[in-house]
1. Going through Pro72, Pro127, Pro114, Pro123 one at a time, which residue ends up being more than 16 Å from the ligand (Cβ to nearest atom) and in contact with a Ser or Thr (Cβ under 9 Å, 6 or more places away or on another chain)?
2. Got at least one residue in the range 173-185 being hydrophobic (A, V, I, L, M, F, W, C) and within 15 Å of Leu104 (Cβ to Cβ)?
3. For Asp211, state whether it is farther than 17 Å from Cys106 by Cβ, among the charged types (D, E, K, R) and at pLDDT below 95.
4. Please go through the range 342-360 and pick out each residue that is touching a His at 6+ places or on another chain (Cβ under 7 Å) and either assigned to a strand (DSSP E or B) or surrounded by fewer than 17 Cβ atoms within 10 Å (Cβ to Cβ) (or both).
5. Find the helices (runs of 4 or more DSSP H) located wholly in the range 219-331 whose residues include 2 or more that are within 14 Å of the ligand (Cβ to nearest atom), and list them.
6. Only residues that are surrounded by 20 or more Cβ atoms within 10 Å (Cβ to Cβ), of a type outside the set (A, V, I, L, M, F, W, C) and outside any loop (DSSP other than H, G, I, E, B): list them for the range 186-215, please.
7. Any residue that is out of contact with any strand residue (DSSP E or B) (no Cβ under 6 Å at 6 or more places or on another chain) and not aromatic (Phe, Trp, Tyr) - is there at least one of those in the range 198-205?
8. Of the residues Arg135, Arg155, Arg148, Arg161, only one is more than 15 Å from the ligand (Cβ to nearest atom) and on the phi > 0 side of the Ramachandran plot; which?
Amino acid sequence: MSTDAPYSMPAAAVGRNQAFVLGGFLAHHEAVIRYDLSASECQPLSLASLLEAASPEHLALWSAMDLGYAHPQGTLGLRTAIAGRYRTITPTQVLCCAGAQEALTCVAEALLQPTDHAIVVVPIYQPSETAVTSRCAVSGVPLEPDARWRLDVDRIARAIRPNTRLVLINFPNSPTGAGIAPETLADLVALCRKHGLWLINDEVYRAIGSDPDQQQVVDLYERGISIDALSKSFGMPGLRVGWIACRDETVLALAMNAKSGLSSCLARPSEALAQMALRRAPHIIARNRDLARANWSRLLPVLARHGERFEAPAANGGVLAFPRYLGPGRADAFAATLVREAGVLVLPSSLWHSPLAAVAADHIRIGLGTAACAPAIAALDRYLAAA
Ligand SMILES: Cc1ncc(COP(=O)(O)O)c(C=O)c1O
């Protein structure tokens, strides 16, 4: 989390558009946070460590770089490195964007007309949901809380209408940490293919998720669109590098058109640093997995010690834990008291409330990706023991 002064929305801006509740919650509590268990990303990489490990070629590019506009699609070197992360696509089938959120917004703009209908699987990151709900009619399909947040593909089938254009999913999922079983993904692809629907997956947690072999939808399906970024699994959200991988170059061109009204192109330093990071992907991901594993092994005994308060989840290998809060009181009241009294920030699942479908409000999301988790989990333990 930034150490800059807390941001709060000026009164005149409140209510002008749909409030981003997660952002509001963070801003509201920022001044009292001492222990952050809310981070959604892996431990941020330092610029120094990236440069130190860069190849001579990348370092030469770095020092010779000018600060002109970058290519609107993303520099070829970066798109080549990104395409190398997929089985089926070429660099021309990649559009670089300023983070996953811009990527998703551009895809929604490229695909959706006001007369269309879309299906969104919830819970999902609120701005992703809004990118779709602000453009057309939407049906929500909830993950199954009592079946480890499994996706029931029949529920998607039942939501399809004659004008349904796309299905938006996010696996591995935030906030639940749930993955998608290969058979479920295959069933979903078959359903989308039968109805000619686009299938968009926000895959920002794939590299660090429970199943590193989870197939990317663009590789599985000709109308699959994979959204990814260096923000979460790589711990580089400040770089603002995300992308769309899509085999249909007309859709990509439309998305690039949408992007021309947003960031236009990436920052050249970000493009260069992203190439350095992607070259070292196995090393960075292994580092992040080790850190997450260590944090899971700190968290689980704490939750087990306070079993009257939490139904502990099984470790899922990723960076998001989503235990059920058993009481006393509600999960959102617990989270507010915890940060106020102990300075420990966790996120209540009510922040993922959706107008599209019910989202269980009795969970808390704990981010296990960062080095700050060790003292934060110890502080949570102390608070629970004393409460
Ligand atoms: C699931 C999910 N997708 C996308 C984003 C946005 O990512 P980016 O910072 O790359 O725009 C977030 C940010 O928290 C997220 O949690």
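1. Details: Pro127 fails: more than 16 Å from the ligand (Cβ to nearest atom); Pro114 fails: in contact with a Ser or Thr (Cβ under 9 Å, 6 or more places away or on another chain); Pro123 fails: more than 16 Å from the ligand (Cβ to nearest atom).
Criteria check complete, one pass: Pro72.
2. Applying the first criterion (hydrophobic (A, V, I, L, M, F, W, C)) to the range 173-185 yields 178, 180-181, 185.
Checking the rest, the ones that are also within 15 Å of Leu104 (Cβ to Cβ) come to none.
No - not one qualifying residue is present in the range 173-185.
3. Details: farther than 17 Å from Cys106 by Cβ: yes; among the charged types (D, E, K, R): yes; at pLDDT below 95: yes.
Yes: the conditions hold for Asp211.
4. Quick first cut of the range 342-360, residues touching a His at 6+ places or on another chain (Cβ under 7 Å) only: 345, 349, 359.
Leu345, the sole residue that qualifies.
5. Correct list: 268-279.
6. Asn201, Asp202
7. Initial filter on the range 198-205 (out of contact with any strand residue (DSSP E or B) (no Cβ under 6 Å at 6 or more places or on another chain)): 205.
Keeping just the survivors that are not aromatic (Phe, Trp, Tyr) gives none.
No, that holds for no residue.
8. Arg148
The values are calculated or read from the model by the stated rules, or taken from the named source; none is laboratory data. From a predicted model like this one, the values you see are computed outputs, not experimental measurements. Every residue, glycine among them, receives a Cβ derived from its backbone with ideal geometry; neighbour counts consider all protein chains shown.
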